[in-house]
Amino acid sequence: MSNSATTGYQPATEFNPISINSFKAYDIRGELGVNLDEDIAYRIGRAFAQILFQRYNVADASTELKNLKPAIVIGSDIRDSSEQLKQATIKGIVDAGVDVIDLGMTGTEEVYFATSHYQALGGIEVTASHNPINYNGLKLVKEHSKPISGDDGLAEIQALAESGQFTTDKPSGKLQLLTDKSAYIDHVMSFLDIDKLKPLKLVINSGNGSAGPVVDLLIDKLKQAGAPIEVIKLHHTPDGSFPNGIPNPMILANRAATQQAVLAGTADLGVAFDGDFDRCFLFDENGEFIDGSYIVGMLAQAFLNKHAGESIVYDPRVIYNTEAVIKEHNGKAVISKSGHSFIKHVMRDSGAIYGGEMSAHHYFRDFFYCDSGMIPWLLTIELLSTTGKTLSELVSGYIKAYPSSGELNFHLTTHDAPTIISAIEAKFSAQHPAKSVLDGLSLDCGEWRFNLRASNTEPLIRLNIESRGDAQLLADKTQEIQQWLATQGAIPA
């Protein structure tokens, strides 16, 4: 343990009320120097710690809260601003009288793991994931790695951080640096049966983000176990200046490097990560990017083959393939609003073994119901080995049976999202589609369906369209809706 003064950051001595508009639906994201800086990070850390400790301090002795340690774990990604924001957040936590376990440079899932592993009150990852370089943020979880959302604690933290009405009657907390990743690596590796692995060549693109050190440790484990896996590392070294661009494989231009490396290296699989590697993106042996919805179906089938009758959670944006896979393999289909907070809550309620979103977030019951970007590619190399199939062979049947548009994003220039969603519902009302408003608007016309929803993190509206085995119908409806959106002032992003 070391004294809190080692954080370096020194806050103001008085806290006047301020407005903080970097709080979003699931986390905190802001533009540096505009709505996020060290002073705001300090306030958030202090408010977070004070609220969690108050809950812990008044908890009944019979509750699981009493088995926790009065500490908060924290890590940060490789962005140049992350370390400074982390130090300010740490100072806020220790000034609230709560101990801190600093994990060093981490991905978000390492904070999820450490929160439960160390039985901490909560955890914080300082990251802006795939946002532009002039942004950063904080992802928060409470006990047992449970999410904190706007209506489940985040609003309370925001209110206290803004008011500055912090308690001052506790001695400062202590700071401990624990950067050893071995327990986390062992847990992630437990999802993989190494003995089943066959010779495979992989391209892994860490995007100069935080994934590189974890990839190295996992590859070392595979080699130590004698696994016949060869890895081509791309953009591997963590670099907060992101010399090869912000790591976001959802952007088409960012996929080219991985695709080219797969082809040049005649690799069996390409893997790419975003900045904090809570999302995993896969490319087949032909360098083709595989849409996340088909990966959800593939992993759902893999889990149901091993664990018959289990529940699988999925989001409502693209559903045909996932629902068909779950039904065919006698699983229980559980739909949830998209977003990690909702998916995790539904998974805990249903006891689901696996949950997936088309956005490349994959959640696992045995990873504290949290999302991981490392577990999916490990499961995939086991699937390639045990089935003897290529990735394209594993997903080609899904793609042919249920073609989809992929997520199409639009900037709004004339109307707001609710107005456009209401108007498109009226446009298709004569077809009497099945309707769901679980997440945005979903209309199902039988042989095709679409979901239109506003982004929770960006000023965009997002469209997904799919059909039942009719690629031409999909193309026609995609063109029709895109043209209609243009008349409403929605411009492709």
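Inspect the stretch 106-127 for any residue being out of contact with any Cys (no Cβ under 9 Å at 6 or more places or on another chain) and over 21 Å from Y369 (Cα atoms) and give the result as yes or no.
Looking for residues that are out of contact with any Cys (no Cβ under 9 Å at 6 or more places or on another chain) and over 21 Å from Y369 (Cα atoms), one finds none in the stretch 106-127, hence no.
So T179 clears everything in (1) farther than 25 Å from D80 by Cβ; (2) β-branched (V, I, T); (3) assigned to a loop (DSSP other than H, G, I, E, B) except one condition, right? Which one?
Only one criterion is unmet by T179, namely (1).
Within the stretch 117-151, track down each residue that is within 17 Å of the chain's Cα centre (by Cα) and of a type in the set (A, V, I, L, M, F, W, C).
Passing the criteria: I124, V126, A128, L138, L140, V141, I148.
Which is closer than 30 Å to L65 by Cα and modelled with pLDDT of 95 or more, of E156, E230?
Values: E230 fails: closer than 30 Å to L65 by Cα.
Of E156, E230, the one residue that is closer than 30 Å to L65 by Cα and modelled with pLDDT of 95 or more is E156.
How many of the residues making up the stretch 60-99 are of a type in the set (V, I, T) and part of a strand (DSSP E or B)?
Total satisfying the criteria: 3.
Could you check the stretch 116-132 and list, in sequence order, the residues that are farther than 18 Å from I44 by Cα and either modelled with pLDDT under 95 or part of a helix (DSSP H, G or I) (or both)?
We begin by selecting, within the stretch 116-132, every residue farther than 18 Å from I44 by Cα; these are 116-119, 129-132.
Those that are farther than 18 Å from I44 by Cα and either modelled with pLDDT under 95 or part of a helix (DSSP H, G or I) (or both): S116, H117, S129, H130, N131, P132.
Would you point out which residue out of L138, L154 is of a type in the set (A, V, I, L, M, F, W, C), outside any loop (DSSP other than H, G, I, E, B) and over 19 Å from S76 (Cβ atoms)?
Details: L138 fails: over 19 Å from S76 (Cβ atoms).
Just one listed residue meets the conditions, L154.
Among A88, A128, A59, which is touching a residue at least 12 places away in the same chain (Cβ under 8 Å) and more than 30 Å from H362 (Cα to Cα)? Spell out the reasoning first.
Values: A128 fails: more than 30 Å from H362 (Cα to Cα); A59 fails: touching a residue at least 12 places away in the same chain (Cβ under 8 Å).
Criteria check complete, one pass: A88.
To keep it simple, each residue is scored yes or no on (1) more than 27 Å from the chain's Cα centre (by Cα); (2) among the acidic types (D, E).
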residue	(1), (2)
N409	no, no
L412	no, no
E425	yes, yes
F428	yes, no
L443	no, no
R453	no, no
E466	no, yes
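If we scan the stretch 390-405, do we find a residue that is acidic (D, E) and under 24 Å from the mean Cα position of the chain (by Cα)?
No - not one qualifying residue is present in the stretch 390-405.
Which of the residues that make up the stretch 324-361 are in contact with a helix residue (DSSP H, G or I) (Cβ under 8 Å, 6 or more places away or on another chain) and under 22 Å from N248 (Cα atoms)?
The answer is S341, G355, G356, E357, M358, S359, A360, H361.
Does K201 qualify as being surrounded by fewer than 16 Cβ atoms within 10 Å (Cβ to Cβ) and touching an Asp or Glu at 6+ places or on another chain (Cβ under 8 Å)?
In short, no.
Please return the ranges of helices (runs of 4 or more DSSP H) entirely within the stretch 241-349 where 1 or more residues are among the small types (G, A, S) and crowded, with 23+ Cβ neighbours inside 10 Å. Can you show your working first?
Working: elements: 256-264, 292-306, 320-328.
Correct list: 292-306.
Quick one: would you say I133 is touching a Ser or Thr at 6+ places or on another chain (Cβ under 9 Å), surrounded by fewer than 21 Cβ atoms within 10 Å (Cβ to Cβ) and either within 27 Å of G240 (Cα to Cα) or not assigned by TED's automatic domain parsing to the domain that holds P243 (or both)?
yes
List, please: which pairs have Cβ atoms under 6 Å, are six or more places apart or on different chains, and start with a residue in the stretch 365-392 that is within 16 Å of D195 (Cβ to Cβ) and end with one that is in a helix (DSSP H, G or I)?
E382/K196; L383/A302; S385/K196; T386/K196
Just checking, how many residues over the stretch 97-115 are over 16 Å from G45 (Cα atoms) and either at pLDDT below 95 or not acidic (D, E) (or both)?
Counting residues in the stretch 97-115 that are over 16 Å from G45 (Cα atoms) and either at pLDDT below 95 or not acidic (D, E) (or both) gives 8.
Per-residue answers, yes or no, for (1) closer than 24 Å to A12 by Cβ; (2) at pLDDT below 95:
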{"site": "D37", "(1), (2)": "yes, no"}
{"site": "L52", "(1), (2)": "yes, no"}
{"site": "R55", "(1), (2)": "no, yes"}
{"site": "A59", "(1), (2)": "no, yes"}
{"site": "L68", "(1), (2)": "no, no"}
{"site": "S82", "(1), (2)": "yes, no"}
{"site": "Q87", "(1), (2)": "yes, no"}
{"site": "K142", "(1), (2)": "no, no"}
{"site": "I148", "(1), (2)": "no, yes"}
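Hey, can you tell me all the residues within the stretch 98-135 that are under 23 Å from F15 (Cα atoms) and touching a helix residue (DSSP H, G or I) at 6+ places or on another chain (Cβ under 7 Å)?
V98, V100, I124, V126
The values are calculated or read from the model by the stated rules, or taken from the named source; none is laboratory data. All values reported here derive from a predicted model rather than from experimental measurement. Cβ: placed from backbone, ideal geometry, glycine included. Neighbour counts: every protein chain shown.
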